[in-house]
1. Per q in 0.13, 0.14, 0.15 Å⁻¹, report the Debye log10 I(q)/I(0) for the stretch A:3-138, using one uniform scatterer on each alpha carbon and no solvent.
2. Per-residue mean of other chain beta-carbon atoms within 10 angstrom of the beta-carbon, peptide B:514-522?
3. Treat the stretch B:896-1004 as a sphere of radius equal to its Kirkwood radius over Cα pairs and apply Stokes-Einstein at 4 °C in a medium of 1.567 mPa s; give the translational diffusion coefficient in µm²/s, rounded to a whole number.
4. Two decimals is fine: what's Rg over Rh for the stretch B:775-893, C-alpha atoms, Kirkwood radius as Rh?
5. Given the rule -39500 (n - 2.57) for each run of at least 4 DSSP H residues, summed and divided by the residues of the protein assembly as shown, what is its mean residue ellipticity at 222 nm, to the nearest 500 deg cm²/dmol?
6. What is the distance, in nm, between label points placed 7 Å from the Cα along the Cα-to-Cβ direction at B:Val1043 and at B:Asn1031?
7. Sequence-distant or interchain residues sharing an amide H contact under 5 Å with B:Ala1057, placed H: which?
8. Where nothing but the Cβ of Lys and Arg (+1) and of Asp and Glu (-1) is charged, how large is the charge dipole of the stretch B:1031-1133 around its Cα centre, in debye to the nearest 20?
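Please treat every number below as a calculation from the coordinates, not as lab data. Everything numeric in this text was worked out from a predicted model, so none of it was measured. Here the Cβ positions follow ideal geometry from the backbone for every residue, glycine too, while neighbour counts run over all protein chains shown.
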Amino acid sequence: MSTYYFVIVGHNDNPIYEREFSTANKEQRKEDQRHLSQFIAHAALDLVDEHKWKTANMQLKSIDRFNQWFVSAFITASQIRFIIVHDNKNDEGIKNFFNEMYDTYIKHSMNAFYKINTPIKSVMFEKKSDIFGRKYLLS
Amino acid sequence: MNIEIITDSGACPLFRSLESQILNAIPLDTCEWRRTFQRPTKHVRLEAQAQQFNVEPLEKYKQGEWSILDHPILHIYVTECNDVDAYKATIREEIDAWLKLLTSYGVSDWMILLVETLDIRKTKNLLPRTTVLDKIRLDFGSKNDDRCISVLNPAKFEQKSTESFRCLVQRIRFLMLTSYNRNIAKYEELIRSKREKRNHDDWDFRQYFFLQEDLALIFEKLELPTEALIQYDELDAMFSQFITHTGFNEKQQWLAYFKRPLSAFHGICLSRVDKFEMRQKIRSDGVSLLEFRNYLFERQAYLLLTCNDIPEIAKRLLGFLFSTLREVEYIKLDCQEGALCCWEFVCALEVLQLCEQAMEPNEVTCFQHCAPIWNLAKDKLYELGKLCGLLPGCTPSSEQLHIVVQLSSGIGDAPPQQQFLQAMPQLRDRSPNRKPKLSAAQQLKEALGSNQAFQKLYLELAELAISTYKHVTRLRSARLVGLDLGKFYCALNEPHKAVGFFTDLLRELKAENWHTLSSQTLLELANCYRKMGDSLAYTKTCSSISCCAELETLVRTFYFDEFLKSLKTLNTTLSAQPSMENANYCVLEDHFRILDIEVLNTNPIIQDDHLLVQLKMESLYPRGIVVECIKLCYELHVTPESEAALHQDIPLKSKDCTPRLKVTLQLFHKEDGSLNCASVTSDTPKTKQPVRRTSSTKRKLSPSVQADFSNIVQVENIALQPGINLLELKGKATRVGRWQFKQVCVSMSSLEFLSEQLAMQLQPPTFEICTKPASASLHFKTLIAGIVQPINLHVAGGSFIFPSDAKISLRCSKNLRIRQALQPDDPGCANDATFESTLLVPLLQFKSFEERSFPLEVLTDMPGRKVAKHHDHHITLSCPWSRNELPIPLEFQPAMEATCRLHTCGTQKFLQVIMKGLDAQLLLHQAKVKCDVPGVRLQDLNPDPQEPIEIHKSLTVTYLYEIQVEPLKTEHELPIVKVHFVVKYATLTQPQVWRNYGCAFDLVDYSTLFKLQAQLEPNELCRLRTVCNLNLKITKVNENPYVDLMYEVLNDQNLWAVCGRSAGVVSMKDVDSHSISLDVMPLSTGFLPMPSIRLSKYTAGGKSKTDGHSKVHPFPPGQVYNSTKSMQIHVIASVSGEQ
């Protein structure tokens, strides 16, 4: 069983897209844990900001541990932060997922009607993240 | 422990004496190790142990089952044979056999040591042919010359041996390293081959483990901890891989060794005295997975500690713990509930204790890794506490006590420990006075022992986690830990301690729009406030919760009801509470959303008008709610400079206040100068740097700034439905200016929901309130004196509020009167008495902004003057809106003018009165003259009865009177006669209203004194240029005192020429008339006027010299009558012959 909590964080440290991927059944998933993942992602922002200056890579890899949780991060050229909180080591999958989501995010942000830093509400985006999540994270 | 086996088959007793010396000397100095495969050169310190030559290890070596740890690294053959013959006899063969044996095992690390007991120089043979050493070298050292060495027996030659001994030790060191190079390479090869067989059925991880660990140990001995660590890391990774990847198939039989139930779960111990105790145990009777893992980590930690890389230990800990847990899970080990938590806790604390002693306070790297470990320890303790009923408010049941006992035994006692201080020089104790810390295991056991101890430890750990996170500036994480701590305090029934943690977290989450999380925190906070009994804060929090869209409806409605319930009681409790200032302020945005503000009034809004504002507001409450008051305040609009600059060239429209984009034209030119591309670009200036690190946000949870609510629009007692509400707010526009909405305040009971300053978020519309002053003015055309003139009083109310009995008073200057305009059929119309000097105009029911005109009439007396001159008057207004009086100047033109002339006909005198019409059309009637002077009679010569005469501009009317003065009344008695002329006049519109016009004339010189007669002879005809006679006759008409008269001919030089004298003086003394003859000549033909004669009074110059000159004074016109003044003379051309 593995769960992934994916969040895109905007420039004002605000979440603009959240998504959860889990192999567990809905009953197994505890609501409490979902909040915990979010809390962990939020708490890791300090560390993401610290790490992003240390490397030229967009992939910041696994940057934080919070008990059994890993926090992996990715930072776009425009300093939008992608964060995944996960309890399974899956570096390669996460890397691919980030790359694909980056692609998707860029396309979405080029939409003239989308304002940077506002929550992403797009069926297409949702669908894409679903596909990539299943492909790279849950497989 | 580096085992160095030196085998001596020849001279054992001799070597024994040397052995210890050599072994002690080896580690005394470092030696440069040149390594193969381009590995870096290193200075190492070697140690050696000696043992007797033994074939057994060589046997193993040959079979490939050797360990580098046990393998003899150098074989030394020691001999003290100094006699060449003896050597040849026995030793040589022995060596040969020894070497052959070694070679058969593939060992090439050997050395032959010749101990020389004889001092060659002391012997008699000064030149020995060959020494034993030479022989040995010749026999065995053909290629390995350096492997044969001799040394002077230090027992015998103490002084001289030093040099040779040093050489020996150096050589041994060198050979050892050479051997290591070779053997390590070979050993690595062996490891590799073993590893490749790892999937074979009979492969055993444990064997492999020891194989590779031996290498690690060798590296460790050679002071290469990093390389040793690599070996351990490889083993670690391999083990994990086995478990996670192949753990499920049963091929790996060896796995069964590790599948022991976890009856004991000791944590790691980083300061064991016997570091290899576990190694022995693994080899002999097997260990549990945990024990094995512990051992591995301890070894790694030890090596890292040797490298002085303590942060790395901390960094590795979490990975170690969780991969181990995962492994336990994979191979499905049975263990007691809580056992793993205990294990994790002890491990974490052990590492933390190490770090605590090792790290510098300003060295952040270690703290960075420690912070999550503190947190982990705290969480694990909490789990255990939960399991054992140690949480606040719980008492352990008997089962739970049983669990505690079981766990405590499983935790075990800490093994005997080395003092860090002694073991590691780089560690120091920060405060020597501190009590020696309990070991991790002891601490845990103590904490599990009682609720108090548990709570104390938990709080301590949490505080440490928070402070460490803060120290490494991971404030968000610190707040997250704070959330746990807050919850714990809440459970401890110390909610006041928890509030700070929750609000800190909440503030940040809100500022960063993590709504789900902030709503969760709100729930905690509500719980906290309820426990504290802070009903105000509780009410506010309930309200916030009920507005959280992220929460379930059930939760929201529950808190909504709580909110309403609490709100009702708030009034009574609030006064009793010494609450903070502004504590009743709430953030409006959490409960309502202001979508739009629109001013409904048309622009501009006049002062004192009602201001109507439509507020579009979304209520986030789950149900409808009644709000007592919604206020929206506005403040004077301040235009930012930039905006002003932006708007400069754009006319500002009243409603269009959104900032405009700066659009600029961009032209791209080709190289040759022609246009390539044209575009417009709009770049919005970057308001904020997108990249920044927010440590803490400034946003407050409750607004403390209340804007100035003196200018507001509001609505009271209104029900707000969930969702969008359209509200109409009203207010009075009291003050003038350009205004901007500032803040919204919603009042519910004692709560005030204050919005952020509106100017920051949405662009609130600005509006203008202006005022219009009241004004009064008089409107009129050219005013004419003497007749009724209409004027208009115009009153514009402006924004002034008029009392119902307001009046305007008009006060006229002297001779000016005023009345309200009357209809022509009004009886008072014709009555001039209706005019008054002051008039009060009532402003009945006069409303603001009303404009009204009052028709008025003014009348001024006709001035009794002869000349037409305008007449200045003024009317002073007193208005209710002003304390100052307002004088308005009026200028009247006279309606007509009267002049008089005196005419003479001989002795008769006539008075002509000329009435000249001016602007007005008037009727004149009953003209009269009056003269009160006795003896002066004026005879009316005008036709009688006089009909009214119409007079208008440029029309003159003349009246004629003859003055008859009694002769006695000479001018000497009456130099001036006053005559009054009176005429009635009326306007054409009101012909029945007659007013009087009077004018006084002064008559002077009204009697004729002299008559002048001129006659030209020949009488009938005058010819051009013919001298004629001008006969002048002066007659005295009335007695007068003038005696000497002077006459002058004043002729036109072109018409007449006077021949001879033209002037003369005559005396009228005693004579009544004089005749004078003068010669004149006409110079022009036609009817020429008679040359005019002037008569003047003459005063002859006196006898005295001072007054010697004569004086001439002219007569006023009425005193001399020239009877021939206008006579004309016909002059005809002269006779042709004369010309």
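1. So the normalised log intensities are -0.50, -0.58, -0.67.
2. Mean partner shielding for this stretch: 4.
3. The diffusion coefficient I find is 88 µm²/s.
4. So for the stretch B:775-893, dividing Rg by the Kirkwood Rh gives 1.00.
5. It comes out at -10500 deg cm²/dmol, rounded to the nearest 500.
6. 2.9
7. Residues meeting the amide H criterion: B:Met1081, B:Leu1083.
8. With Lys and Arg at +1 and Asp and Glu at -1, about 200 debye.
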